[in-house]
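Visitor: Here's a structure for you.
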Amino acid sequence: MQSLKDKLVQAGVVSADYRPGEKAEQRAARLNREQAEKRNQIEQIVKAARIATPLGEHTFFFTTRSKKMRRLVIEEPVRRGLERGDFAVVEFPNQPDFPWAVVPRAAAEKILKIDQVAVRFFVRSETEQYGVAPEPKK
């Protein structure tokens, strides 16, 4: 049997994160805390796992959250790794100069569990690609 909240969410009347009795300011503060926590988790994963990408002769394009095209100028092994799914391009929070990084598959999988949209390019399998196909709806 579904609860009233489940029925309201299913009907689209309230969002899944709605909590009765919570004021708008409290909800905004809670959501901001949750977003900051996600950013910090992603930042720690990226700092621990990012791959140094020295300048190379290959240009690799990807899209940002705002649907702008960006490019990385990388070496051949990194480009091949990105195309095969060994590496992924992810957002690197709190980095104003260059807010993207190349990370290995394992780190990309962890980041996907935290925030799918933070993964800007990742070939997970032949049928599942992030940053290439339309992104999942929130």
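Visitor: Which residue is surrounded by the fewest Cβ atoms within 10 Å (Cβ to Cβ), if the candidates are limited to the stretch 49-67 and must be free of Cβ contacts under 8 Å to residues at least 60 places away in the same chain and closer than 22 Å to Q35 by Cα?
Guide: S66
Visitor: Sticking with this one: Being in contact with a Gly (Cβ under 6 Å, 6 or more places away or on another chain) and surrounded by 13 or more Cβ atoms within 10 Å (Cβ to Cβ) is the requirement here; does F87 meet it?
Guide: Criteria met by F87.
Visitor: Quick check on my filter: what residues within the stretch 35-82 are of a type in the set (F, W, Y) and either under 15 Å from the mean Cα position of the chain (by Cα) or under 15 Å from V103 (Cα atoms) (or both)?
Guide: To start, the set of residues in the stretch 35-82 that are of a type in the set (F, W, Y) comprises 60-62.
Within the stretch 35-82, F60, F62 meet the criteria.
Every number in this text was worked out from the coordinates using simple rules, so none of it is lab data. Values in this document were obtained by computation on a predicted structure and should not be read as measured data. Glycine also receives a Cβ, built like all others from the backbone with ideal geometry; neighbour counts cover every protein chain displayed.
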